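This report concerns only the one structure given below.
Nothing in this text is a laboratory measurement; each read-out follows from the coordinates by a stated rule. Because the structure is predicted, anything quoted here is derived from the model rather than measured. Positions of Cβ are backbone-derived with ideal geometry, glycine not excepted, and every protein chain shown enters the neighbour counts.
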Amino acid sequence: MQIVTTHRNTDFDALASMVAATLIYPDAIAACPTDVNPNVHRFLSLHKTSFNIILTREVALESVTRLIITDTNQWRRIERLSQLQDREDVELLLWDHHTGIGDIRPHWQCVEKIGATVTLLVRAVKGQNLQLSPLQATLFLLGLYEDTGQLTFSSTTPEDARAAAFLLEQGADLDIVVDFLHMAYGEVQKKVLFRLMRDAEQHEIKGKQVGIGVVHIDKHVELSVVVQLYGKIVNADAVFVIFVNEKGGCFVIGRSSVPEINVNTVLQRFGGGGHPGAGSATITADRVVPDEIRQEILTALHEVQCSSALVADMMSFPVTSVLPATPMHQIRQIMEEENIRGIVVEEDDRLQGIVVLWDLKKLRLEKQWNSPVKAFMNRNVTTVSPDALASEAADVMVQKNIGHLPVVQGEKVIGIVTRTDVINYLYGMLPA
Ligand SMILES: [Mn+2]
């Protein structure tokens with residue numbers, strides 16, 4: 001009998017590695033320790049029947065011929081099956097990412113410094129072209145994320161990230177992953193969270209809920225998870241927390257879950273940055289008054305919100321387009337039927353020109369209605385990129401007095417901005 005096992009206080013990397021090993025060694029049975037971590041326990045109580053897992057105490061020790069150990073190199077962490085350590089007729093295999101000194105002396109091993117042990121097994125799964133079920137992929141991703149802090153721990157390797165990509169391709173369910181991953185909160189984080197709950201202010205800015213807090217800390221710890229959790233608990237669209245250290249310096253962490261609030265833009269004012277959804281800024285000026293920073297964030301939020309809408313947010317699509325050979329009478333018909341004043345002319349997915357209602361007035365003779373649109377269209381078209389600011393597009397249209405601004409990505413027209421779109425934008429009637 002072949003047995004796979006793992007360490008006591010089984011975490012997700014351990015459980016995932018054990019289950020993955022049963023794919024690599026199809027004749028092996030997974031034997032799980034009795035004491036597993038609480039979140040693993042919760043996972044197993046729901047999914048136990050989906051995996052073929054027994055308890056270590058159910059293993060008939062005398063019939064074991066091969067023992068595959070995952071995620072530990074120490075016998076003392078192995079429940080019951082450590083009794084097999086001196087049996088010469090048992091072949092020992094080890095898969096682990098702990099490179100410290102251990103006392104397990106395997107006959108064969110795959111031990112590497114890598115973010116998660118399961119990454120090593122995913123490598124073997126890929127190598128053998130094995131297909132994973134979405135449930136297996138989900139469990140493996142849980143293990144991988146737990147041991148790498150969602151790929152943020154410094155122990156994370158590029159291969160861990162590639163393994164995560166592979167598991168997502170295999171159908172790993174991120175909702176389930178998030179549900180079972182418990183972030184590790186230390187005492188400092190708990191204190192910070194408590195103070196935020198007690199002291200942080202809630203503001204409503206243009207219909208969005210924003211939490212802003214100031215917290216004094218004397219120890220540098222991982223704080224972004226707390227900021228994120230606080231935002232979730234108070235159901236804020238965005239949160240900004242100013243951390244003040246004992247030297248008087250400030251560190252701001254921002255998170256946003258709505259496109260209207262761009263954390264990167266707000267924190268750039270303080271020399272920081274990041275992404276629209278997450279960012280930070282370190283303020284090292286001599287005199288830092290947290291309350292001034294708080295005020296400036298609020299000011300930024302009021303300003304940024306009106307100017308941060310992008311062309312992609314305001315444009316109309318799909319765009320009505322025709323081929324250059326389309327006769328003018330058809331252009332007139334389309335404009336009437338669709339009640340539009342401008343039509344884009346494209347060929348092979350490339351913008352060739354634009355024809356607007358005004359152009360129809362150039363036609364003097366009846367037979368001209370049979371001429372192709374390319375004879376009357378405007379070839380010198382002003383365009384805009386979808387990630388330009390909405391305000392920029394509005395400025396261009398006002399300055400050039402044009403009513404139609406095609407939105408172009410590469411050479412392809414993906415939308416159009418009309419005067420109606422600009423008016424809706426200027427009067428704040430963009431869809432939320
Ligand atoms: Mn591990």
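Structure notes:
- Listed by chain and number, the lysines whose alpha-carbon sits under 21 Å from that of Lys126, ignoring those within fewer than 8 places in the same chain, are Lys113.
- Cα shape, the chain, gyration tensor, a/c 1.5 rule: oblate
- For the chain, with +1 on Lys and Arg beta carbons and -1 on Asp and Glu, the positive-most of Leu167, Ser316, Thr148 along the dipole: Ser316
- P(r) weight above 15 Å for region 124-223, C-alpha pairs, percent: 71 percent
- Under the simplified labelling scheme, the Ser133-Trp75 pair shows an inter-label distance of 3.6 nm, with each label point 7 Å from Cα along Cα→Cβ.
- Cβ-based net charge around Trp369, under 12 Å, with every Lys or Arg adding one and every Asp or Glu removing one: +3
- Across the options Gln352, Pro158, Thr99, the greatest Cα extent toward the positive end of the charge dipole of the chain (unit charges at beta carbon of Lys, Arg, Asp, Glu) belongs to Gln352.
- Charge dipole (debye, nearest 20) of region 187-308; +1 at Cβ of Lys and Arg, -1 at Cβ of Asp and Glu: 260 debye
- Positive dipole terminus of region 187-308, leading residue within Val210, Ala200, Ile233 (C-beta point charges): Ile233
- Length gained when the stretch Thr420-Ser63 is fully extended (0.36 nm per residue, less Cα-Cα span): 120.6 nm
- Residue with peak Gaussian network fluctuation, the chain [Cα springs, cutoff 10 Å], from Leu141, Leu196, Leu323: Leu323
- The shape of region 1-148 comes out rounded: with a ≥ b ≥ c from the C-alpha gyration tensor, a/c is under 1.5.
- Each label point was placed 7 Å from the Cα along the Cα-to-Cβ direction; for Trp369 and Phe51 their separation is 7.4 nm.
- For Thr418, Thr284, the sequence from fewest to most other C-beta atoms within 10 Å is Thr284, Thr418.
- Estimated distance in nm for a label pair at Gln330 and Glu292, the labels positioned 7 Å out from Cα along Cα-to-Cβ: 6.6 nm
- With Cα atoms, 0 to 90° folded angle of helix 38-47 axis to the chain main axis: 80 degrees
- Note on Gln209 and Val178: with the Förster distance fixed at 22 Å, the Cβ-Cβ geometry gives a FRET efficiency of about 0.55.
- Given charges at beta-carbon only (K, R positive; D, E negative), |dipole| of the chain in Debye: 880 debye
- Remark: the Arg198-Gln228 segment gains 9.2 nm on full extension, using 0.36 nm per residue and subtracting the alpha carbon distance.
- Highest-MSF residue in the chain out of Gln228, Gln189, Gln109 [GNM, Cα springs under 10 Å]: Gln109
- Its Cα gyration tensor gives region 313-426 an equivalent ellipsoid. The semi-axes, each the square root of 5 times an eigenvalue, are 25, 15, 12 Å from largest down.
- Computed about its Cα centre, the charge dipole of region 50-176 is approximately 120 debye, with only Lys, Arg, Asp and Glu carrying charge at their Cβ.
- Computed Kirkwood radius, in angstrom, where 1/r is averaged over Cα pairs of region 192-293: 13.5 Å
- Residue-averaged [θ]222 nm for the chain, counting only DSSP H segments that reach four residues, each worth -39500 (n - 2.57): -10500 deg cm²/dmol
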